[in-house]
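A.B. asks: Supplied in structure tokens, the structure appears directly below.
The values are calculated or read from the model by the stated rules, or taken from the named source; none is laboratory data. Note that this is a predicted model, so its numbers are computed, not measured. Backbone-built Cβ (ideal geometry, glycine too); neighbour counts: all protein chains shown.
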Amino acid sequence: MFLFADRVEAEIEKKVIEAFEVFDHECNKTVDVREIGSIVRSLGCYPTEAELQELLAEIEEEEPTGYIHLEKFIPVMRKVLLERRGPILKEYINNENKCGYLTKEQLVKYMTEEGEPFTQEEMEDMLSAALDPETNIIRYKDYITLMIADDA
Amino acid sequence: MGCKTSVPDSAVKKSERVLKAAVLIQRWYRVTMARIEMRRRYSLNIFQSIEYADEQAQLQLSSFFAFMLDHFSRLDADSRFFESPSVSQVTDSSLSLTELEKRIEVPDSYYGPRLKFPLTPADASALLDAFKNEELLHARYVLQLLHETRRVLKEMPNITHLSTSYSKEITVCGDLHGKLDDLLLIFYKNGLPSEKNPYVFNGDFVDRGDNSVEILIILFAFLLIYPNDLHLNRGNHEDYVMNVRYGFTREVLRKYKVHGKIILCLLEDVFSWLPLATVVDSKVLILHGGISDTTDLDFLNLIERNKLRSLMRPPKSVTDIKDQIKEKVPSTTPNKYSAHQNISGKRRDISSSRSSPRRESTSYAIAEEYQRLVKDGMSSGLLSATSVSDPDWSTEPTQKEWQQTLDILWSDPRSQRGCVPNKGRGGGCYFGPDITAKLFERYNLKMLIRSHECKQDGYEVGHGGKVITIFSASNYYEAGSNRGAYIKLNPDLSPRFIQYQVSKNTCRQNLQERVSTVEWSALKALREKIYAHKTELTEAFINKDRTGTGKLSVSDWAEVMESVLCLELPWRTLRPQLAWSSPDGCIEYMTCFHNLKIGKPVEEQVQPALVETVCRFRKDLEMIFNFIDKDHSGLISLDEFHQTWRLFCVHMGIQIDNETIDKLANSIDYNKDGNIDFNEFLEAFHVVHRLDKKADE
């Protein structure tokens, strides 16, 4: 039983290292602190921005250098992955808003004013993928399908 | 919010729900974007790894290519092309411009640019316009241009010294690799070269892209018009052996059917006369690849650079040749290199299999192969004894000259300290910040600008700001893969970077679509590699599979993939795209090969390992067959095919018997007339994936 758990942990660790190395283009076991969000998320986690900040506080150096070291990243990330749970987007949305679409104005308002607001760049990016330019609406079910498909 | 008026409960609940929903969507969105970023990065990783592994293979095959080139690339003495100058005349530069004019006629029907020497800016504009309209410059003008370029280059030292006096900004461009659109974009954004607008082009003008010829013509034209303001450094692709493999030779022969070979001969000379480096204000060193711990700029400044026709051909060592001359037969030292290879010819780093110092070991192994090959070629009857040339000592570079130049044209910077052999490319080295620092101290330098590596943003700064990589071919691997950039160097020597990306799509793809295109392309290349190593991979999988269930742990699977393919990639992240996993988390390894097959079915009797070998070396074989096909008919005889194939296998250490070769040859002589259409043959070995929308290339 313990051997199995060990192997799972070893696998997780290897996966973490792999993801880290994709962003480590200097090949010196460090990444730019601004890439940590991408790495964590590509490993299957769904942190809020606030949670990400907490994570960073744990892995940054005493005096932040702008770089994160692999050796600090691994243990923290390993813990996160073993405990993670992903929010269930699909079911949530299915239970809400009945008409199946949002207007561009509505989406922009929500995304840039509520929750952990989007930057302008993020908003534009989302619109470029999700917005139907002829009708100016977002059929969010389609967009969600797109997002979830990536999760497979 | 926060004002304590009587807000109804339902309103509070609603805004809470909105908040939750917003956060949820944002979390998901950010995850999606992160995944896209991950896919973009590993796609570039894949391209880069495969590219460098390929280059390494080229260096190791170099002696074979050299051998083939020596015996097949020269025009016969009785050339069928009476009106063209002979090879020796062209290479001895005994032919003047007027002679070329007399010998080669330009028909009245030719509407392209007619160049008059000495060239003027009007000529350059005419050329640019013509090339924008996809016109071709007539061969006579090409030859005249090359002739003049060689004359001008010969006057130049190995290392050009520039200054930014008179407040001139110098523009430095990196690899262009035949991408004309990028060059035109640079000229559009930055202006044409002139006395007020000096340029340095840092090598790799040719290969891979479709317009290497046009780029060279433009660069050489500006060189002739502004010899003090347009500077060229030699790159590792300004090398006729590389050109044969990476597309430039093919492009020339395709565009210039009659005069192509002459043009190539002259180009070989011109390339060897390109300067090796440029220094600005005695502080900024600009060269194509990098440096090593032994780089000696003073030495490099004094060598006869034109002796280095190709860096893929290490100089014949003194002892080898003396033995050869003495015994009239190549030495029969057993080749340790081939003994290390297994049946599918897996490449190894030569230098790691010996204890001798890195430099000597690489060229020693290559020289051994070369000799063995000559012996085999002679005994097989493909070569006559007289065709083995005695080296002319005045034209052979020394070991040190070769090594020093190889280092500056092939090396790559790394973050780790020290200087180690460049295993990825098989030549040159990886140099660390300490090596850079030492060189700077020795020569009182401030900055090193180099190219040679594709960078996502077109440029990259390393070694604490001291080493800059500049790469000017956007969309190098695939549409959307990377930007290009150039540097503006002003008199205080701080660099400014200008980035760009050529975009052919009229409808703008969104980020997801762009990344998907690049990713698809990268995975296609990777799957091709996987297919081409099927036998070896299967063997290794089965070895690891103790239980015989056809499944392996993710860890074991990744280990096999990495060790057989010799590619450092994020295998676990790529796994979903490459193989199926069973519910228990293990990987059904044979699914790696699902949906992959070659374009045309080959008969059953031909062994799979052979099929894979052809897949793997498809491009190399194309080149070799092109050599043998002297009259460009696209056909070679069964006999020629057999002998060449045998020579190739012997060299690569692939065990093959004559019967198998015969079977293969017969299976591709589709109309049974004793001749093989080798292009058709090679096309058949193109790896296709079931889901490919179109038969590619």
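A.B. asks: Would you please list the contacts, defined by Cβ atoms under 6 Å and residues six or more apart or on different chains, that run from a residue in the stretch B:576-595 that is within 14 Å of chain A (Cβ to nearest Cβ) and among the β-branched types (Val, Ile, Thr) to a residue that is assigned to a loop (DSSP other than H, G, I, E, B) and surrounded by 12 or more Cβ atoms within 10 Å (Cβ to Cβ)?
C.D. replies: B:Ile587/B:Ala579
A.B. asks: Can you confirm whether the stretch A:46-57 contains a residue that is touching a strand residue (DSSP E or B) at 6+ places or on another chain (Cβ under 7 Å) and not aliphatic (A, V, I, L, M)?
C.D. replies: Within the stretch A:46-57, none of the residues are touching a strand residue (DSSP E or B) at 6+ places or on another chain (Cβ under 7 Å) and not aliphatic (A, V, I, L, M).
A.B. asks: Just to be sure, is B:Phe205 modelled with pLDDT of 95 or more and within 19 Å of B:Asn482 (Cα to Cα)?
C.D. replies: yes
A.B. asks: What residue, of B:Glu460, B:Glu513, is without any contact (Cβ under 8 Å) to a residue 12 or more places away in the chain, over 30 Å from B:Ile598 (Cα atoms) and not aromatic (Phe, Trp, Tyr)?
C.D. replies: B:Glu460
A.B. asks: Kindly provide the set of residues from the stretch A:120-143 that are within 8 Å of chain B (Cβ to nearest Cβ) and either surrounded by 16 or more Cβ atoms within 10 Å (Cβ to Cβ) or of a type outside the set (S, T, N, Q) (or both), ordered by number.
C.D. replies: Of everything in the stretch A:120-143, those that are within 8 Å of chain B (Cβ to nearest Cβ) and either surrounded by 16 or more Cβ atoms within 10 Å (Cβ to Cβ) or of a type outside the set (S, T, N, Q) (or both) turn out to be A:Glu122, A:Asp125, A:Met126, A:Ala129.
A.B. asks: Against the condition touching a His at 6+ places or on another chain (Cβ under 8 Å), in a helix (DSSP H, G or I) and over 21 Å from A:Val16 (Cα atoms), how does B:Lys529 come out, does it pass?
C.D. replies: When the stated conditions are applied, B:Lys529 does not pass them.
A.B. asks: Go through (1) buried (at least 22 other Cβ atoms within 10 Å of the Cβ); (2) touching a Leu at 6+ places or on another chain (Cβ under 6 Å); (3) not in a helix (DSSP H, G or I) one by one and return the number of the condition B:Val279 breaks.
C.D. replies: Tallying (1) buried (at least 22 other Cβ atoms within 10 Å of the Cβ); (2) touching a Leu at 6+ places or on another chain (Cβ under 6 Å); (3) not in a helix (DSSP H, G or I), B:Val279 fails exactly one: (1).
A.B. asks: Just to be sure, is B:Pro583 over 28 Å from the mean Cα position of the chain (by Cα) and more than 30 Å from B:Leu647 (Cβ to Cβ)?
C.D. replies: yes
A.B. asks: Okay, next question. When you look at B:Asp239, is it over 25 Å from B:Gln501 (Cα atoms) and touching a helix residue (DSSP H, G or I) at 6+ places or on another chain (Cβ under 8 Å), yes or no?
C.D. replies: Yes; evaluated as a whole, the condition is true for this residue.
A.B. asks: Just to be sure I understand, how many residues within the stretch B:418-465 are within 13 Å of another protein chain (Cβ to nearest Cβ), of a type in the set (S, T, N, Q) and within 13 Å of B:Gly290 (Cα to Cα)?
C.D. replies: 0
A.B. asks: Right, here's the next one. Checking the condition more than 9 Å from chain A (Cβ to nearest Cβ) and among the small types (Gly, Ala, Ser), which residue from B:Ala22, B:Ala53 passes?
C.D. replies: Of B:Ala22, B:Ala53, the one residue that is more than 9 Å from chain A (Cβ to nearest Cβ) and among the small types (Gly, Ala, Ser) is B:Ala53.
A.B. asks: Scan the stretch B:205-235 residue by residue and report those that are of a type in the set (Gly, Ala, Ser) and more than 17 Å from the chain's Cα centre (by Cα).
C.D. replies: B:Ala221
A.B. asks: Please tell me if B:Phe271 is surrounded by fewer than 23 Cβ atoms within 10 Å (Cβ to Cβ) and more than 25 Å from B:Leu489 (Cβ to Cβ).
C.D. replies: No.
A.B. asks: Give the number of residues within the stretch B:26-50 that are at the interface with chain A (Cβ under 7 Å from one of its Cβ atoms) and β-branched (Val, Ile, Thr).
C.D. replies: 2
A.B. asks: For the stretch B:287-308, which positions are surrounded by 23 or more Cβ atoms within 10 Å (Cβ to Cβ) and more than 26 Å from B:Leu145 (Cα to Cα)?
C.D. replies: B:Gly289, B:Gly290, B:Ile291, B:Ser292, B:Thr295
A.B. asks: Right, next: Is it true that B:Arg39 is modelled with pLDDT of 65 or more and among the charged types (D, E, K, R)?
C.D. replies: yes
A.B. asks: Could you name every one of the helices (runs of 4 or more DSSP H) located completely within the stretch A:1-119 that has at least 2 residues being within 14 Å of chain B (Cβ to nearest Cβ) and modelled with pLDDT under 85?
C.D. replies: Answer list for the stretch A:1-119: A:2-23, A:70-83, A:89-95, A:104-113.
A.B. asks: Additional query: Among the residues of the stretch A:120-140, write down those that are over 9 Å from A:Leu107 (Cβ atoms) and part of a helix (DSSP H, G or I).
C.D. replies: A:Gln120, A:Glu121, A:Glu122, A:Glu124, A:Asp125, A:Ser128, A:Ala129
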